[in-house]
Amino acid sequence: MQQKSSSPKDVLAELKKQRALDQKYRDGRILCSMCTTPHPVAKKAFDLFFESNLGDSGLFPVAAQLEREVVSQLANLLGSESACGFIVSGGTEANLLAILAAKNMANKERPEVVLPQSAHFSFTKICNMLNIKPVYAPLDDAYRVKPAAVEAFINRNTVAIVGTAGTPELGAIDPVDALAKIALRHDVHLHVDAAFGGLVIPFLEGTKPPFDFSLDGVRSVTVDPHKMGLAAIPAGGIFFRDQKTLDAIKTETPYLTDSYQYTFVGTRTGASTASAWAVLRVLGREGFQKMVAQCMKNTRYLTKNLEKGGFSLLCKPTLNIIGFRGENTKHLADQLRNRGWFVSYVSRYDCIRIVVMPHIRRRDAVAFMRDLKAARTE
Ligand code: 0PR
């Protein structure tokens, strides 16, 4: 730390200069992120609750009330009138709490979790932390987990099975209805990781695949407001079907204004909860439908032109995530990077992955296709 003080004006001027060197979603070049520019109201709401701490919620009863309201609105969207939960630091913490609850409820000596091969890498961290053996079930041609394979892996040590509604790499939706039946048959916890898809699927046009509490076997769901919920980071969401499961992760907090905590993080901001609350209010179902429709329209524009241009799609996108291949796909991804595009190269599928978030406008998609065609010849 420097010895002398500096003026806030100078420090902010320096930060502003540095900030200009970071990428910005609004430039339309970030095609590899599940985050986006938060809604303008999210920023204002965040500011209002800037110093609130939900880790000691007796001091911030209003922020705590906002959290209960966000949880109840999202639980409602997920087909439950009574699910409970928290706004946490992100999908990783949400998944952690779900698996911890399942582990504590089942109380097995050598716990195992059956995961789709496509599960988010947070589960690797979680199994590592909780000393759980991860067992990976294979996928079908559409990159969805095979329910029969999941069932075959269930044994007396299994504490949970997991399905993903919107896989991180391809946006695939696992057959959660089939998994729910399996979960009921074996009386095992089914957790659905809808970190991304939870705020997309309910707003899609037409028939939507069931993935939430409307299916009896689903005991917990992750849905992150800081992804397609346009809330400020950090805002993940964990939802449990009933209080009993939640009680399995309760920790006594002997000297705080609250008697218990359920989250992993202790001190946690109420600001992102306020931002999520404000976005839900401002957009409503109608606003989310419009936003999702726009993302899906741009997704369709891109897939149509990718196919026309001779690229092959790994699968027809169900959500606003596309995986495609050309010849020498890794090289192509590098060329795109040289041209200023941020795409992911997914080595296990040898594909380029693009996430068509709300910050991608039609003109960005057009410019991307133009550069992609040019990059192919380099
Ligand atoms: N579950 C799923 C299905 C996810 O896609 C992710 C993250 C998580 C859980 C974990 O969520 P947190 O990162 O909030 O803990 N998905 C993104 C990914 O890994 C996260 C991300 C977002 C990465 C923005 C990069 C980025 O620029 O792709």
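A single member of Leu184, Leu190, Leu170, Leu179 is among the hydrophobic types (A, V, I, L, M, F, W, C) and surrounded by fewer than 24 Cβ atoms within 10 Å (Cβ to Cβ), and it is Leu184.
It is to be established whether one or more residues within segment 83-105 are part of a helix (DSSP H, G or I), surrounded by fewer than 20 Cβ atoms within 10 Å (Cβ to Cβ) and more than 16 Å from the ligand (Cβ to nearest atom). Scanning segment 83-105 turns up at least one residue that is part of a helix (DSSP H, G or I), surrounded by fewer than 20 Cβ atoms within 10 Å (Cβ to Cβ) and more than 16 Å from the ligand (Cβ to nearest atom).
State whether one or more residues within segment 193-205 are surrounded by fewer than 17 Cβ atoms within 10 Å (Cβ to Cβ), in contact with a Gly (Cβ under 8 Å, 6 or more places away or on another chain) and not charged (D, E, K, R). No, there is no match, as no residue in segment 193-205 is surrounded by fewer than 17 Cβ atoms within 10 Å (Cβ to Cβ), in contact with a Gly (Cβ under 8 Å, 6 or more places away or on another chain) and not charged (D, E, K, R). Would you say Glu286 is more than 28 Å from Phe49 (Cα to Cα) and of a type in the set (Asp, Glu)? Against the criterion (more than 28 Å from Phe49 (Cα to Cα) and of a type in the set (Asp, Glu)), Glu286 does not qualify. Just so you know, in segment 206-224 the residues that are under 26 Å from Lys290 (Cα atoms) and more than 16 Å from the ligand (Cβ to nearest atom) include one that is surrounded by the most Cβ atoms within 10 Å (Cβ to Cβ), and it is Phe213. Just one residue in the set Glu307, Glu327 is outside the structural domain of Val71 (by TED's automatic domain parsing), acidic (Asp, Glu) and not in a helix (DSSP H, G or I); that residue is Glu327. Residue pairs whose Cβ atoms lie under 7 Å apart, sitting 6 or more positions apart in sequence or on different chains, and linking a residue in segment 55-74 that is assigned by TED's automatic domain parsing to the domain that holds Ser275 to a partner that is among the charged types (D, E, K, R), are Gly55/Arg268; Asp56/Asp258; Ser57/Asp258; Gly58/Asp258. State whether the residues of segment 116-131 include one that is away from the ligand (no atom under 14 Å from the Cβ), surrounded by 22 or more Cβ atoms within 10 Å (Cβ to Cβ) and not in a loop (DSSP other than H, G, I, E, B). The answer is no; no qualifying residue exists.
Filtering segment 1-53 to residues that are hydroxyl-bearing (Ser, Thr, Tyr), surrounded by 11 or more Cβ atoms within 10 Å (Cβ to Cβ) and part of a loop (DSSP other than H, G, I, E, B) leaves Ser33, Thr36, Thr37, Ser52. Would you point out the residue of segment 230-259, among those that are farther than 21 Å from Asn76 by Cα and in contact with a helix residue (DSSP H, G or I) (Cβ under 8 Å, 6 or more places away or on another chain), that is farthest from the ligand (Cβ to nearest atom)? If we take residues in segment 230-259 being farther than 21 Å from Asn76 by Cα and in contact with a helix residue (DSSP H, G or I) (Cβ under 8 Å, 6 or more places away or on another chain), then Thr257 is farthest from the ligand (Cβ to nearest atom).
Within segment 245-280, how many residues are in a helix (DSSP H, G or I) and in contact (Cβ under 8 Å) with a residue 60 or more places away in the chain?
Residues of segment 245-280 in a helix (DSSP H, G or I): 245-247, 271-280.
Filter once more, so that each one left must be in contact (Cβ under 8 Å) with a residue 60 or more places away in the chain: 245-246, 271-280.
Total meeting the criteria: 12.
Among the residues of segment 132-169, how many are part of a loop (DSSP other than H, G, I, E, B), within 11 Å of the ligand (Cβ to nearest atom) and out of contact with any helix residue (DSSP H, G or I) (no Cβ under 6 Å at 6 or more places or on another chain)? Can you show your working first?
The first filter runs over segment 132-169 and keeps only residues part of a loop (DSSP other than H, G, I, E, B), leaving 132, 138, 140-144, 146, 154-157, 166-169.
Narrowing the set further to residues that are within 11 Å of the ligand (Cβ to nearest atom) leaves 166-169.
Now restrict to residues that are out of contact with any helix residue (DSSP H, G or I) (no Cβ under 6 Å at 6 or more places or on another chain): 167-169.
Total meeting the criteria: 3.
Looking at Lys227, is it within 16 Å of the ligand (Cβ to nearest atom), part of a loop (DSSP other than H, G, I, E, B) and basic (Lys, Arg)? It would help to see each step written out before you state the result.
On the way: within 16 Å of the ligand (Cβ to nearest atom): yes; part of a loop (DSSP other than H, G, I, E, B): yes; basic (Lys, Arg): yes.
Taking the combined requirement at face value, the residue satisfies it.
With respect to being in a loop (DSSP other than H, G, I, E, B) and not assigned by TED's automatic domain parsing to the domain that holds Val162, Ser80 falls outside the description. Only residues that are part of a loop (DSSP other than H, G, I, E, B) and either under 17 Å from Ile154 (Cα atoms) or acidic (Asp, Glu) (or both) were counted in segment 176-198, giving 2.
The values are calculated or read from the model by the stated rules, or taken from the named source; none is laboratory data. Here the structure is a predicted model, which is why all the values come from computation and not from measurement. Note: ideal-geometry Cβ built from the backbone for every residue, glycine included; neighbour counts use all protein chains shown.
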